[in-house]
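Trainee: This is the structure I have questions about; it appears just below.
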Amino acid sequence: MWGAMLAGKNILLIIGGGIAAYKVLELIRLLGKSGAKVVPVMTKAAEEFVTPLSVSALAGVPVRSALFNLEDEAEMGHIQLTRDADIVVVAPATADLIAKMANGLANDMASTLLIARNKQVLLAPAMNVAMWGNAATTRNVATLREDGCAFVGPDEGDMACGEFGYGRMAEPDAILAAIEARFSEGPLRGKRILVTSGPTHEPIDPVRYIANRSSGLQGAEIARALVALGAEVDFVTGPAEAARPEGANVIEVETALEMAAAVEAAGKQDVAIFAAAVADWRVANTSESKMKKSAGRAFPELELIENPDILATVSQRSTGRPSLVIGFAAETNDVIENATAKRLRKGCDWILANDVGGERAVMGGPDNQVVLISEKGAEKWPWMSKKQVAEALALRISEALT
Ligand code: CTP
């Protein structure tokens, strides 16, 4: 593992004003333990949630907060802070801070540092579920991704406001893993890789949906293997059972349409891997209310329409196509022949094909046997754990990029 390289690193930690600020105390402790030096900056609002004294005590250096501190400003303190940093981490990244960054505002110490930065930025968003889902926040996050900012979280869960959903800040250990991943010296360092994973759920009515047996394990293992080699991974996952990969930027979706939108919003990538078992069809005549059975009535008929083919869309982009696009093919017969035709039809570079109709269960199981189809032909890999398949694929990718 190339990793955990935080000793001596200088982390400029910008603390926004949200209830999640209390979790940042634990993050500072974890960073200190891993040998990093934390320089904390708090917004005025952050000081309402945790005291500068607690932050300073844990970081071992005073908190920076006022923009015009004469002593510091004599040496252009705010510019110097970003020059000295190895990375800028924003946690909690509130809707307000995200909006300021996306629009280049600079009216306090935190936002001024962010616009004056010349280092990579990692944001850990935290806000109410409706604020995270708001169109303006979605636009601002897309802009920041486009600008090269990385994200960790938010997670789904109970919120301090009593609501449930996405918006809860990633846990401190997940933020630490995401920071460590940025300093990995693996061969995929600096590469941005998209991975889709898991099944999609296509609603029929408010309580029913069409799904498939994908556990999301192969996709999660691929993301982990890529993170371990130093890649920056955007992991777009449907409602999968498998644990989410640490150190990746996890984007949760439910339907194929949401997955397609998330892939578009993820921005430019060097490599894209489509491990998701996307539903080919969705229900056109979804019902707003629960469908009822009643004696003598005909069975409801589901009208299906085709979902967009995300892999084919990305493979056939005229601009901004990743230099390596990898698809999966789940086949039940004539695996090599079908997958070879699928590679050409979809326009991707490689296909990892597997036989899902054999005796050993691949979908939902721990192991996999794949055939790598590329322009050079078909190469059959032995039965391996999904983790080993992922590691072998990650190495292949790093070889192909160098
Ligand atoms: N895929 C996708 N978007 C879809 C359907 C599939 O991105 N709407 C991707 C999958 O993630 C996988 C690849 O396409 O990487 C193969 O999908 P598969 O369902 O096997 O292929 P199909 O095009 O559906 O062909 P067929 O049904 O004939 O097997």
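The values are calculated or read from the model by the stated rules, or taken from the named source; none is laboratory data. Computed from a predicted structure; not experimentally measured. Because the Cβ atoms are built from the backbone with ideal geometry, glycine has one as well, and the counts that use them run over all protein chains shown. Areas reflect the complete protein model, heavy atoms only, side chains present, ligands, DNA and RNA absent. Shrake-Rupley method; radii C 1.70, N 1.55, O 1.52, S 1.80 Å.
Trainee: With the requirement that a residue be of a type in the set (Lys, Arg) and touching a Pro at 6+ places or on another chain (Cβ under 7 Å), what does region 379-399 give you? So that I can check it myself, show each step before the final result.
Mentor: First pass over region 379-399, keeping only residues of a type in the set (Lys, Arg): 380, 386-387, 396.
The one that is of a type in the set (Lys, Arg) and touching a Pro at 6+ places or on another chain (Cβ under 7 Å): LYS386.
Trainee: Also, I was wondering about something else. Can you name the residue in region 312-328 that is in contact (Cβ under 8 Å) with a residue 40 or more places away in the chain and touching a strand residue (DSSP E or B) at 6+ places or on another chain (Cβ under 8 Å) and is also farthest from the ligand (Cβ to nearest atom) among such residues? It would help to see each step written out before you state the result.
Mentor: Pass one, region 312-328, residues in contact (Cβ under 8 Å) with a residue 40 or more places away in the chain: 313-314, 320, 322-328.
Narrowing the set further to residues that are touching a strand residue (DSSP E or B) at 6+ places or on another chain (Cβ under 8 Å) leaves 314, 322-328.
Working: VAL314: 8, PRO322: 13, SER323: 17, LEU324: 14, VAL325: 10, ILE326: 8, GLY327: 4, PHE328: 4 Å.
Step by step, filter region 312-328, then rank; the result is SER323.
Trainee: May I pose another question? When you scan region 252-262, how many residues do you find that are over 12 Å from VAL278 (Cα atoms) and within 15 Å of the ligand (Cβ to nearest atom)? Let's see the steps before the verdict.
Mentor: Within region 252-262, the first condition is being over 12 Å from VAL278 (Cα atoms), and the residues that meet it are 252, 261-262.
Checking the rest, the ones that are also within 15 Å of the ligand (Cβ to nearest atom) come to 261-262.
Selection size over region 252-262: 2.
Trainee: Among the residues that make up region 336-347, is at least one of them more than 21 Å from ARG145 (Cα to Cα), in contact with a Phe, Trp or Tyr (Cβ under 9 Å, 6 or more places away or on another chain) and either outside any helix (DSSP H, G or I) or not assigned by TED's automatic domain parsing to the domain that holds VAL236 (or both)?
Mentor: no
Trainee: Let me ask another. Keeping to region 339-348, report how many residues are within 9 Å of the ligand (Cβ to nearest atom) and crowded, with 17+ Cβ neighbours inside 10 Å.
Mentor: The number of residues fulfilling the criteria is 4.
Trainee: Filtering region 372-402 down to residues that are among the β-branched types (Val, Ile, Thr) and open to solvent by less than 10 Å² (accessible area, probe 1.4 Å), which residue is farthest from ALA329 (Cα to Cα)?
Mentor: ILE397
Trainee: When you go through (1) open to solvent by 20 Å² or more (accessible area, probe 1.4 Å); (2) over 25 Å from the mean Cα position of the chain (by Cα) one by one for ARG282, which number turns out not to apply?
Mentor: (2)
Trainee: Sticking with this structure for a sec: In region 83-124, what count of residues is obtained for those that are part of a strand (DSSP E or B) and either open to solvent by 50 Å² or more (accessible area, probe 1.4 Å) or in contact (Cβ under 8 Å) with a residue 40 or more places away in the chain (or both)? Quick ask: steps written out before the conclusion?
Mentor: We begin by selecting, within region 83-124, every residue part of a strand (DSSP E or B); these are 87-93, 121-124.
Then keep just the ones that are either open to solvent by 50 Å² or more (accessible area, probe 1.4 Å) or in contact (Cβ under 8 Å) with a residue 40 or more places away in the chain (or both); that gives 87-93, 122, 124.
Summing the residues that are part of a strand (DSSP E or B) and either open to solvent by 50 Å² or more (accessible area, probe 1.4 Å) or in contact (Cβ under 8 Å) with a residue 40 or more places away in the chain (or both) in region 83-124 gives 9.
Trainee: Same structure again: Looking only at region 348-402, which residues are part of a loop (DSSP other than H, G, I, E, B) and more than 26 Å from the chain's Cα centre (by Cα)?
Mentor: VAL356, GLY357, GLY358, GLU359, ARG360, ALA361, GLN369, GLU375, LYS376, TRP381, PRO382, TRP383
Trainee: When you scan region 263-272, do you find a residue that is open to solvent by less than 30 Å² (accessible area, probe 1.4 Å), within 30 Å of GLY35 (Cβ to Cβ) and either among the hydrophobic types (A, V, I, L, M, F, W, C) or assigned to a loop (DSSP other than H, G, I, E, B) (or both), even just one?
Mentor: no
Trainee: Among the residues of region 156-179, count how many are open to solvent by less than 50 Å² (accessible area, probe 1.4 Å) and either touching a residue at least 60 places away in the same chain (Cβ under 8 Å) or under 15 Å from the mean Cα position of the chain (by Cα) (or both).
Mentor: 10
Trainee: Specify which of the listed residues (SER323, SER318) is more than 30 Å from ALA136 (Cβ to Cβ) and not basic (Lys, Arg).
Mentor: SER323
Trainee: Hey, another quick one. Mind checking which residues of region 285-311 are open to solvent by less than 50 Å² (accessible area, probe 1.4 Å) and more than 16 Å from the ligand (Cβ to nearest atom)?
Mentor: SER287, MET291
Trainee: Here's something else I'd like to know. Any residue at all in region 239-246 that's in contact (Cβ under 8 Å) with a residue 40 or more places away in the chain, within 23 Å of PRO187 (Cβ to Cβ) and away from the ligand (no atom under 16 Å from the Cβ)?
Mentor: Within region 239-246, one or more residues are in contact (Cβ under 8 Å) with a residue 40 or more places away in the chain, within 23 Å of PRO187 (Cβ to Cβ) and away from the ligand (no atom under 16 Å from the Cβ).
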